[in-house]
1. If I ask for residues that are surrounded by 18 or more Cβ atoms within 10 Å (Cβ to Cβ) and at pLDDT 90 or above, which ones from segment 100-111 would you list?
2. Are any of the residues in segment 114-129 more than 15 Å from the chain's Cα centre (by Cα), hydroxyl-bearing (Ser, Thr, Tyr) and either at pLDDT 95 or above or over 18 Å from Trp157 (Cα atoms) (or both)?
3. Out of Leu44, Leu48, which single residue is of a type outside the set (Lys, Arg) and free of Cβ contacts under 8 Å to residues at least 40 places away in the same chain?
4. Count, please, the residues in segment 13-37 that happen to be under 22 Å from Pro110 (Cβ atoms) and either surrounded by 11 or more Cβ atoms within 10 Å (Cβ to Cβ) or in contact with a Leu (Cβ under 6 Å, 6 or more places away or on another chain) (or both).
5. Give the residues of segment 30-89 that are among the polar types (S, T, N, Q), in a loop (DSSP other than H, G, I, E, B) and under 18 Å from Asn163 (Cα atoms), sorted by residue number.
6. Only residues that are more than 18 Å from Leu82 (Cα to Cα) and either surrounded by 11 or more Cβ atoms within 10 Å (Cβ to Cβ) or at pLDDT below 95 (or both): list them for segment 166-180, please.
Amino acid sequence: MNWKRYAETAARMRVPSGFGLLAVYVVCARPAAVSVAVGAAVALLGILLRACATGHLEKNQRLATSGPYAYTRNPLYLGSALVALGFAIAARVWWLGLLFAAYLAAVYLPVVWEEEARLAELFPEFSRYAAAVPRFWPAGRRGAAAVYSGASTGFRWALYWKNQEYNASLGYLFGLIVLLWKMR
């Protein structure tokens with residue numbers, strides 16, 4: 001299998017296939033007050049992680065190693081996984097959780113591999129960073145990202161807005177509205 005081609009296809013299909021997954025979710029979800037409360041809290045953690053990460057992300061200009069990137073190389077995808085888990089909990093349909101997990105594995109893993117290959121080409125220091133910081137699940141301690149000069153930049157709202165992360169927050173709110181509507 002040509003992984004590069006698969007990753008490119010997965011990246012292009014990420015948004016359109018996500019809408020198909022959303023349609024299945026809306027039809028099949030069976031939310032209840034407790035499941036929505038717990039699921040919304042878990043999903044909110046994912047939204048907050050994504051928001052924090054984008055405030056440190058200068059795409060293709062600087063290797064992000066500060067903030068959440070000091071603990072995981074892919075905080076945006078970890079945040080997305082938490083959002084998916086939260087909404088799966090809220091839905092109270094176990095197979096939707098499996099569907100979300102399969103979707104994340106099929107679509108996001110190849111994209112992660114391709115993005116990391118591109119980062120290795122753009123930034124010579126990526127290999128040291130990758131050796132010190134886990135790909136997905138954060139280490140219990142801060143990775144070696146702090147050793148890079150200039151890596152200690154703080155969160156910047158301008159990057160949050162430039163990276164359009166507010167769209168994830170709007171999607172989260174839309175999802176909650178749908179769940180509350182289905183509960184009535």
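The values are calculated or read from the model by the stated rules, or taken from the named source; none is laboratory data. Keep in mind it's a predicted model, so treat the numbers as computed, not measured. Here Cβ is always computed from backbone atoms with ideal geometry, including for glycine, and neighbour counts include all displayed protein chains.
1. Phe100
2. Checked against the condition, which is being more than 15 Å from the chain's Cα centre (by Cα), hydroxyl-bearing (Ser, Thr, Tyr) and either at pLDDT 95 or above or over 18 Å from Trp157 (Cα atoms) (or both), segment 114-129 yields at least one hit.
3. None of the others qualify; the one that does is Leu48.
4. Residues that pass the stated criteria total 8.
5. The answer is Asn60, Gln61, Thr65, Ser66, Asn74.
6. The answer is Val178, Leu180.
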